[in-house]
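Asks: Below you'll find the structure I mean.
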Amino acid sequence: MSNVGGPHRLVGVLALQGAFVAHERALAIAGANTRQVRQPADLEGLDGLVMPGGESTTMSRLLTTSGLYDEIKALLSDGLPVFGTCAGMILLASEVLDGRPDQRSFGAIDVSVRRNGYGRQVDSFEADIDVVDFDRTFHAVFIRAPKVVRVGPNVEVLAELDGVPVVARQGHVMVASFHPELTGDARLHARFLQEV
Ligand code: GLN
């Protein structure tokens, strides 16, 4: 794929836990340079940040203990473009249902999400979804995915599955409830890089 959104952007990938390596690969395909983010100094000079899937309760705890939480919160208010997928979407949401009481989220996009909202019997599933402006469907892998149960008026829904939003954005914040990094299709990462 060509350098959609501009070459040589430096995008951080939160690497505390979860599916960060595959995100780096997808970002590279989409034309960005990447850096793993584990401590506040790793945020220096980033043009964007990806929050991967994994376990949002664990990531929430590690964000706090690493000192990253407050730094990222400040960068989000300054308008740093961020793409959160699965657990990363939970971390960016304004409201988390069925979370742990001590779980924190950045409230960077006005959506309510229910953790593991697609049910326990169907832990994982895959679906081909239509994304706004994509000329063919995107193969989406859902793994204990959060379900969007409310979107605020300023949120743009970019894809739905059975009437439920699965990709959305508000300003510089984009979220997906599935794992877009697993299939070698970097179009959503390229879409994110248009904001970066
Ligand atoms: N269920 C996980 C959580 O609550 C998210 C799963 C995922 O990121 N694949 O954080």
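The values are calculated or read from the model by the stated rules, or taken from the named source; none is laboratory data. Keep in mind the model is a prediction, meaning the values are calculated, not measured. Note: ideal-geometry Cβ built from the backbone for every residue, glycine included; neighbour counts use all protein chains shown.
Asks: Filter region 83-133 for residues that are of a type in the set (Ser, Thr, Tyr) and free of Cβ contacts under 8 Å to residues at least 60 places away in the same chain; which is nearest to residue 187 (Cα to Cα)?
Replies: It comes out as 124.
Asks: Of all residues in region 160-181, how many are in a strand (DSSP E or B) and surrounded by 22 or more Cβ atoms within 10 Å (Cβ to Cβ)?
Replies: 9
Asks: Here is a follow-up. Do any residues in region 54-82 that are within 15 Å of residue 16 (Cα to Cα) have Cβ atoms under 7 Å from those of residues that are within 16 Å of the ligand (Cβ to nearest atom) and of a type in the set (Val, Ile, Thr), where the two are at least six apart or on different chains, and which pairs are they?
Replies: 56/90
Asks: List the number of the failed condition for residue 18; all other conditions in (1) more than 16 Å from the ligand (Cβ to nearest atom); (2) modelled with pLDDT under 95; (3) crowded, with 16+ Cβ neighbours inside 10 Å; (4) not basic (Lys, Arg) hold.
Replies: (1)
Asks: Any residue at all in region 53-60 that is charged (D, E, K, R), under 17 Å from residue 143 (Cα atoms) and in contact with a helix residue (DSSP H, G or I) (Cβ under 7 Å, 6 or more places away or on another chain)?
Replies: Within region 53-60, one or more residues are charged (D, E, K, R), under 17 Å from residue 143 (Cα atoms) and in contact with a helix residue (DSSP H, G or I) (Cβ under 7 Å, 6 or more places away or on another chain).
Asks: Scan region 37-53 residue by residue and report those that are more than 14 Å from the chain's Cα centre (by Cα) and touching a residue at least 12 places away in the same chain (Cβ under 8 Å).
Replies: 37, 38, 39, 40, 42, 43, 45, 46, 47
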